[in-house]
Every structure is written in structure tokens, then in C-alpha cells.
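Every number here is computed from the coordinates shown, using simple stated rules; none is lab data. Remember, it's a predicted structure, so these values are computed and weren't measured experimentally. Quick reminder, even Gly has a Cβ in these numbers, built from the backbone with ideal geometry, and neighbours come from all protein chains shown.
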Amino acid sequence: MFAEPPTPAGEIFVIYDGMCPFCSRYVMLYRIRQLADKVHMIDARSDHPVVAEVRAAGLSLENGMAVKWNGRLYHGSDALHVLAMLGSEGGLFNRLNKLVFSRPKLGRVLYPAMVAGRRMTLALLGRPPIAD
């Protein structure tokens, strides 16, 4: 984890649950600064090679989203911290996200509740968990 964004890189991969209405809305609302030439939004339920890479690293996509940036994988609250550090200042959503997740300790406290809320929502909607 880092306090300030490292040097710019070519691409960033954001791996999220495409069946989760909260996750999908989050990635739609989020704006990442121009620190990456290309941003890839990847459904964690797909067979994308980065999804396989996340799983091979032993990270559970059922328990948290992932970000691959500068050749490194970030998971859960660490992934949201990276996005907060890269996020633009434009819009209420981005400002709120940055306020919360630019503070790693606060993110680690709040993230489990977010995951629990996601699981409960998926269960109520009759959607299956992500198979890790």
C-alpha cells in the first residue's frame, strides 16, 4: 500500500462483481484521473486473464474487488484505496470516495460492512456468489 500514487502507468484493471448492483454502479460512477492511458473494467465472473491472475494470486473476488496497476494486484480495501488515490476530484461521489478510502485504516474498518451488504443484496436478488 502507498500514501501517494506512484508514477503513471499505461493501464489499470478494475475487477468487480458485474452481478452486484452496488459494484456495477460504483465503477460506472467512478472517474479515474488521467494517470493511466487505459482503464479496463472487468467483470469478476468473466474468464478474462486478469481474473485468472487474481485467483492464481489467492485473492478471493467473492470477498473483495481487485485492482491491477503498475504490475501489482490490490484487493479489497487496498483496491479502493488505490482508486481513491487515482480518483478525480470532480463530483460528489468521487470526493466522498476519496475522503473515506484515501485513509487506509478507515477503509479497512468500513470495507467488511460493504462486502456483507453486497452478499445480502445478492442473496435477496437470488444471484449466486462468485466461485473462487
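Highest average first, the peptides 17-26, 72-81 ordered by how many other beta carbon atoms sit within 10 Å of their residues are 72-81, 17-26. Out of the DSSP beta bridges found with both residues in the chain, what percent are antiparallel (nearest 5)? Bridges in the chain that DSSP calls antiparallel: roughly 55 percent. Using C-alpha pairs below 8 Å separated by at least 6 residues, the relative contact order for the chain is 27 percent.
Counting only Cβ charges, +1 for Lys and Arg and -1 for Asp and Glu, the dipole size of the chain around its Cα centre is about 420 debye. Among residues other than residue 114 with Cβ under 14 Å from its Cβ, the summed charge is +1 (Lys and Arg +1, Asp and Glu -1). Convex hull volume of the Cα atoms of the range 9-125, normalised per residue: 98 Å³. With the charge dipole of the chain set up from +1 on Lys and Arg Cβ and -1 on Asp and Glu Cβ about the Cα centre, the Cα lying farthest toward the positive end among the listed residues 61, 80, 117 is that of 117. The modelled label-to-label distance between residue 48 and residue 109, using points 7 Å beyond Cα along the C-beta direction, is 3.2 nm.
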